[in-house]
1. With the requirement that a residue be of a type in the set (A, V, I, L, M, F, W, C) and free of Cβ contacts under 8 Å to residues at least 40 places away in the same chain, what does the stretch 167-197 give you?
2. Which numbered condition trips up Ile173, out of (1) more than 24 Å from Lys104 (Cα to Cα); (2) assigned to a strand (DSSP E or B)?
3. Just give me the residues in the stretch 232-282 being more than 22 Å from the chain's Cα centre (by Cα) and of a type in the set (Ser, Thr, Tyr), in sequence order.
4. What are the residue pairs meeting all of these: first residue in the stretch 285-314, first residue over 13 Å from Val210 (Cα atoms) and of a type in the set (D, E, K, R), second residue part of a loop (DSSP other than H, G, I, E, B) and open to solvent by 60 Å² or more (accessible area, probe 1.4 Å), Cβ atoms under 9 Å, and 6 or more apart or on different chains?
5. Go through the stretch 233-263 and give me each residue that's in contact (Cβ under 8 Å) with a residue 24 or more places away in the chain and assigned to a helix (DSSP H, G or I).
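The values are calculated or read from the model by the stated rules, or taken from the named source; none is laboratory data. Since this is a predicted model, take the numbers as computed values, not measurements. FYI the Cβ positions are ideal-geometry reconstructions off the backbone, even for glycines, and counts take in every protein chain you see. Only protein heavy atoms, including side chains, enter the accessible area calculation; ligands, DNA and RNA are left aside. Shrake-Rupley method; radii C 1.70, N 1.55, O 1.52, S 1.80 Å.
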Amino acid sequence: MNSVKRTMVTGAMCAALMAGASAQTPAGVEVVKVRDNFFVIAGGGANVSVQVGDDGVVLVDAGTAASAPAVVAAIKRITPKPIRYIINTGPDADHVGGNEALSKAGETLFGPARLGGQRQEFMGPVAAILSTEGVLRRMTAASDSTPAYPAGAWPTESFHYPRKFMWLNGEGIEVLHQPAAHSDGDAFVFFRRSDVVVAGDVLDTRQFPVIDVDRGGSIEGEIAALNRLSELAIASVPIVSREAGTIVVPGHGRLYDQYDVIEYRDMVTIVRDRVRDLVGAGQSLAQVQAAKPASGYAGRYGDGSNGWTTDRFVEAVYRSLSKDKK
């Protein structure tokens, strides 16, 4: 198995990964070289993926607002090329918080003379920001507890259909909407020639997946998204000893391969099935939690160190299944 893929990519960073990072990486973040043209910046919130080529830099996710200066500095260490696109995989603050700063650190692919009738946001010395409509909706709406993001952080392009695509830096890039999974705004980003899929918070290798029912997430959509991810990724077969295959970048945690994704999907599916049986038997949330349907997995995924406990995951599955019954 590729040692890069099996290494923990977390904010703290394990010693082996730190040893392979650039000595000049800005404090607080670490850079992992995944392919010759593809890097992951960890430690700035969500994992930030960096594709580099003649056209410039394409980023997937932007980390937190507080970490944006360190992320920008890390990108400049990787390449002098300008940031052209930021693609958001979801609406969470640790994925979109750095949007404005990273966009301002880049520049658009197109000058006004080439824009035709496109939106005004494309005109100017900033990188474009792409997301599903769900992300745009969440970022522009204020609530009692959460203010709207500043306009400079909003996606300049959004879509509601299953697939958005582009060709940059010598490869096809597919942005694949995953409805009602972690939230209602999730997307995978598939770099076809690099053979890297960025999964966002549909996949969190540190813990059980966060199912944000209040923002349109569902357990059935989560499993459907993990099924799709396992189909996009290709393992190194028939020569299983070869260090090859699709690399999957999660929202948080270490890099995965297809076998890891299947194992994670199977875990989520087993817990879903156990909770569904208990719900079908008419048990309350308290009874379901007391039955410990995540038994066998809580030790690995449910320590709660990131605030997402086993009980919260089981509650989200319960609420999602109960909602589907109505």
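1. If the condition is that a residue be of a type in the set (A, V, I, L, M, F, W, C) and free of Cβ contacts under 8 Å to residues at least 40 places away in the same chain, then Trp167 is the only one that fits.
2. The number of the failed condition is (1).
3. Those that are more than 22 Å from the chain's Cα centre (by Cα) and of a type in the set (Ser, Thr, Tyr): Ser236, Ser241.
4. The qualifying pairs are Asp303/Arg206.
5. Hits for the stretch 233-263 are Gln258, Tyr259, Asp260, Val261, Ile262.
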